[in-house]
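The values are calculated or read from the model by the stated rules, or taken from the named source; none is laboratory data. Everything numeric here is computed off the predicted structure, so don't read it as measured data. Here Cβ is always computed from backbone atoms with ideal geometry, including for glycine, and neighbour counts include all displayed protein chains.
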Amino acid sequence: MLPPPAALAFLKAAKDVGYAPRMASFAKAFPFPGTVAQVAQVAPPNMIVTNEVWWSPAWPFRSMLTGATSAQVVKDYEVATGQQWVQTLGFSHAMVDVAAQTVARARAMTRDGLRDSLSRLKAQTVVGPLNFVGRNPIVNVCSTPAVGGQWIKNASGRWVLEVVDNTRSPFIPATAKLTVSS
């Protein structure tokens, strides 16, 4: 898992020795459009940039707290900030959902009461249903779906993370097909 500076250094070094990868997927380096734009400047022409997608406007879930869909959260964010959405936006929204639902269901507003409420929580959020009940690997931790994505430059020159492989989570709709450049 290379962070953005290391991924950029790798691609620059690869270019210096004449290696031109056709595809790259650096989990830690590619979750943000700004990094992808930097990579595009040093990467070989037409290099395919892929990334796991943990959340996007395509997620078919709603916030229990606000009723907003993933697409609505993205639209509202972009209108309010003038910035492109990022995957962490969905999880920031989901944390507020989880906190509100934990507090609402707590038997007591104490540290133990809140901890116990979270351990019994099945929350509905924009990142999907979160189930803290039962046999999770760690207490009060749960998993969320992930799918395969590809960064594709749209007509306006903006890098957009599209869902291109939903094999393991078919309830997340694919938004594009993997584009393979020649």
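How about region 92-112: which of its residues are within 19 Å of Val133 (Cα to Cα) and touching a Ser or Thr at 6+ places or on another chain (Cβ under 8 Å)? Selection gives Ala94, Asp97, Val98, Thr102, Val103, Arg105, Ala106, Arg107.
Count of region 33-46 residues, restricted to those that are out of contact with any helix residue (DSSP H, G or I) (no Cβ under 8 Å at 6 or more places or on another chain) and either under 20 Å from Ala176 (Cα atoms) or in a helix (DSSP H, G or I) (or both), is 7.
What about Trp85, is it crowded, with 16+ Cβ neighbours inside 10 Å and either over 18 Å from Phe32 (Cβ atoms) or touching a residue at least 40 places away in the same chain (Cβ under 8 Å) (or both)? Outline the logic, then answer.
On the way: crowded, with 16+ Cβ neighbours inside 10 Å: yes; either over 18 Å from Phe32 (Cβ atoms) or touching a residue at least 40 places away in the same chain (Cβ under 8 Å) (or both): no.
Spelling it out, it is not the case that Trp85 is crowded, with 16+ Cβ neighbours inside 10 Å and either over 18 Å from Phe32 (Cβ atoms) or touching a residue at least 40 places away in the same chain (Cβ under 8 Å) (or both).
Across region 10-24, the qualifying residues are those that are loosely packed, with under 14 Cβ neighbours inside 10 Å and charged (D, E, K, R), and the one among them that is farthest from Gln150 (Cα to Cα) is Asp16. The residues of region 117-138 that are assigned to a strand (DSSP E or B) and more than 15 Å from Ala104 (Cβ to Cβ), listed by number, are Gly128, Pro129, Asn131.
Scanning region 47-71 for residues that are in contact (Cβ under 8 Å) with a residue 40 or more places away in the chain, part of a loop (DSSP other than H, G, I, E, B) and of a type in the set (A, V, I, L, M) yields Met47, Ala58, Met64, Ala68. For Pro145, the conditions (1) in a helix (DSSP H, G or I); (2) at pLDDT below 95 all hold with the exception of (1). Beta carbons closer than 7 Å, at least 6 apart along the sequence or on distinct chains, pair a first residue in region 30-43 that is farther than 17 Å from Gln84 by Cα with a second that is surrounded by fewer than 17 Cβ atoms within 10 Å (Cβ to Cβ) and not aliphatic (A, V, I, L, M) for Val42/Lys12; Val42/Lys15. Here Ala7 fulfils each of the conditions (1) aliphatic (A, V, I, L, M); (2) closer than 22 Å to Val147 by Cβ; (3) in a helix (DSSP H, G or I); (4) outside the structural domain of Ser169 (by TED's automatic domain parsing) apart from (4). Could you tell me whether region 120-130 includes any residue that is without any contact (Cβ under 8 Å) to a residue 40 or more places away in the chain and closer than 18 Å to Thr69 by Cβ? Yes - at least one qualifying residue is present in region 120-130. Just so you know, in region 18-41 the residues that are modelled with pLDDT of 85 or more and touching a Ser or Thr at 6+ places or on another chain (Cβ under 8 Å) include one that is farthest from Pro5 (Cα to Cα), and it is Arg22. Out of Ala94, Ala27, one residue alone is surrounded by fewer than 16 Cβ atoms within 10 Å (Cβ to Cβ), in contact with a strand residue (DSSP E or B) (Cβ under 7 Å, 6 or more places away or on another chain), of a type outside the set (Lys, Arg) and free of Cβ contacts under 8 Å to residues at least 60 places away in the same chain. It is Ala27. Within region 78-111, restricting attention to residues that are hydroxyl-bearing (Ser, Thr, Tyr) and part of a helix (DSSP H, G or I), the residue that is farthest from Trp159 (Cα to Cα) is Thr102.
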